[in-house]
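For reference, the structure discussed in these notes is given below.
The values are calculated or read from the model by the stated rules, or taken from the named source; none is laboratory data. It should be emphasised that the depicted structure is a prediction, and the values quoted were computed from it without experimental measurement. A quick note on method: Cβ atoms are made from the backbone with ideal geometry, for glycine too, and the neighbour counts reach across all protein chains shown.
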Ligand code: UTP
């Protein structure tokens, strides 16, 4: 776009200040800056200023109408339950037919963990110190072998961590996966603004842009051509998960089966909340539509509300595990539909250039980031399905450097899971009151990634390894 027109557009949108240092830039810097400016949708930002900055950004829900969302409870033994057994059969058939792709959203900044690299590179397993990406790759490879099928893996990065993520896969020969089946794409960016809605300069020729949230994956999958590639490969189901949860059961035939049988456009796993105020979203129904209400938006009395039998009323915690239908993603992310995800605001500390052109690192939040959340797609999905998952087997996120949801808790949960598998196979292994063994053990997903596969393979071993500290079963 011509420079003068661009300048006019920015000026009429109240963003003319971004040109303050323009004349100090050299030709290459000017071109890069103009390219950045051209990508900004000024109309979208104007709408967000009106709704999220000036308006009341708190979600106005009529809580009196809010009901908990129904879900398929997890039976004592899935293999013995007729409905779950049928779902598994349908799911396995679809996996063998090559209808499923895996998809990790890995574009976040992981600030809470404070790790100076893409989060997927974080080393998390108790014995071998494998990274999160390594664990996921082995789970996908193991399922591909088990079902005799190619399972493509989509990886969404952001402009901040894309190069480092791709380089890591190259250095590790894609962890044994066929590189054609690993599809990287970057998510979109949104300009950050100050409290007046003005863009923030981080350099004389650069506006602060931040990733547009995990919900940005819908647009990014369409814009990048990833969805078209899945269509070309005859894939209609996407197993969505987050980069911070190494326990996730990525290729789960039960979940896929329920999704297909329910003709669902978006399915979700719920995990019962560990305690009333646990910081997870809540699966609810409002005006006949399923939705996720964040813990921060749900009043305490609702978080703690009980049924007549004493059980928690809003018990279904959202753990960001979904199956998405590809046509649904195209509908929401393709840009031609009126259905699109809303933005939310997040107040952050954003370094900025002061009036003398010097970079200042603020002590407290001075700016706003705009993000979309993938679970906001739920009210727009036809026939959504929710099934219960088992926390101990499927969910232990690495969010914080220490304490709750940290590498320490996640390693403990992995060890407890491996100890349960050994016990199920008839082995004796000493554990504490939380089920955590005193010794370090690890099972490679290439050996087994669930209890029944583990028991079968363990029993088939001619010589079993000694159960002692540092045991790695591969
Ligand atoms: P989180 O909400 O934990 O955010 O992301 P984060 O940015 O990774 O971490 P903090 O809040 O800075 O500590 C949940 C999942 O969504 C992905 C993350 O990579 C993670 O898998 N995500 C988040 C994106 O892919 N893009 C985003 O813009 C935000």
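Yes or no: residue 376 within 16 Å of the ligand (Cβ to nearest atom), surrounded by 17 or more Cβ atoms within 10 Å (Cβ to Cβ), under 24 Å from the mean Cα position of the chain (by Cα) and farther than 23 Å from residue 113 by Cβ? Considered against the rule, which asks whether it is within 16 Å of the ligand (Cβ to nearest atom), surrounded by 17 or more Cβ atoms within 10 Å (Cβ to Cβ), under 24 Å from the mean Cα position of the chain (by Cα) and farther than 23 Å from residue 113 by Cβ, residue 376 comes out as yes.
Screening residue 285 on (1) without any contact (Cβ under 8 Å) to a residue 12 or more places away in the chain; (2) over 27 Å from residue 209 (Cα atoms) shows it passes everything except condition (1).
Being modelled with pLDDT under 95, within 14 Å of the ligand (Cβ to nearest atom) and not in a loop (DSSP other than H, G, I, E, B): is that true of residue 210 here? For residue 210, the condition - modelled with pLDDT under 95, within 14 Å of the ligand (Cβ to nearest atom) and not in a loop (DSSP other than H, G, I, E, B) - is met. Counting residues in the range 396-419 that are surrounded by fewer than 21 Cβ atoms within 10 Å (Cβ to Cβ), within 16 Å of the ligand (Cβ to nearest atom), at pLDDT 95 or above and at positive phi gives one or more. Criterion applied to 195, 173 was being surrounded by fewer than 21 Cβ atoms within 10 Å (Cβ to Cβ) and within 15 Å of residue 348 (Cβ to Cβ), and the one residue passing it is 195.
Hey, does the range 29-39 have a residue that's within 16 Å of the ligand (Cβ to nearest atom) and at pLDDT below 95? No - not one qualifying residue is present in the range 29-39. Considering every residue within the range 52-59, establish whether at least one is at pLDDT below 95 and within 30 Å of residue 453 (Cα to Cα). No, the range 52-59 has no match at all.
Condition (residue is in contact with a helix residue (DSSP H, G or I) (Cβ under 6 Å, 6 or more places away or on another chain) and either in contact (Cβ under 8 Å) with a residue 40 or more places away in the chain or within 30 Å of residue 24 (Cβ to Cβ) (or both)) applied to the range 348-368: is it met by at least one residue? Looking through the range 348-368, none of the residues is in contact with a helix residue (DSSP H, G or I) (Cβ under 6 Å, 6 or more places away or on another chain) and either in contact (Cβ under 8 Å) with a residue 40 or more places away in the chain or within 30 Å of residue 24 (Cβ to Cβ) (or both). Please specify each residue of the range 153-181 satisfying the condition of being over 17 Å from the mean Cα position of the chain (by Cα) and closer than 28 Å to residue 91 by Cα. 174, 175, 176, 177, 178, 179, 180, 181 - these are the residues of the range 153-181 that are over 17 Å from the mean Cα position of the chain (by Cα) and closer than 28 Å to residue 91 by Cα. Residues that are within 16 Å of the ligand (Cβ to nearest atom), over 30 Å from residue 438 (Cβ atoms) and touching a residue at least 12 places away in the same chain (Cβ under 8 Å) number at least 2 in the following helices (runs of 4 or more DSSP H) confined to the range 64-174: 162-171. Residue 185 satisfies every condition listed in (1) under 26 Å from residue 174 (Cβ atoms); (2) assigned to a strand (DSSP E or B); (3) out of contact with any helix residue (DSSP H, G or I) (no Cβ under 7 Å at 6 or more places or on another chain) except (3). Considering the range 190-207, the residues that are more than 16 Å from the ligand (Cβ to nearest atom) and in a strand (DSSP E or B) include one that is nearest to the chain's Cα centre (by Cα), namely 193.
What pairs come up if the first residue lies in the range 176-202 and is at positive phi and free of Cβ contacts under 8 Å to residues at least 60 places away in the same chain, the second is more than 16 Å from the ligand (Cβ to nearest atom) and not in a loop (DSSP other than H, G, I, E, B), and their beta carbons are under 8 Å apart, counting only those six or more places apart or on different chains? Partner pairs satisfying both residue conditions: 176/138; 176/141. Suppose we filter 461, 422 for residues that are more than 23 Å from the chain's Cα centre (by Cα) and crowded, with 17+ Cβ neighbours inside 10 Å; which single one remains? That would be 422, the only listed residue that is more than 23 Å from the chain's Cα centre (by Cα) and crowded, with 17+ Cβ neighbours inside 10 Å. Residue 297 passes every criterion in (1) assigned to a loop (DSSP other than H, G, I, E, B); (2) closer than 24 Å to residue 256 by Cα apart from (2).
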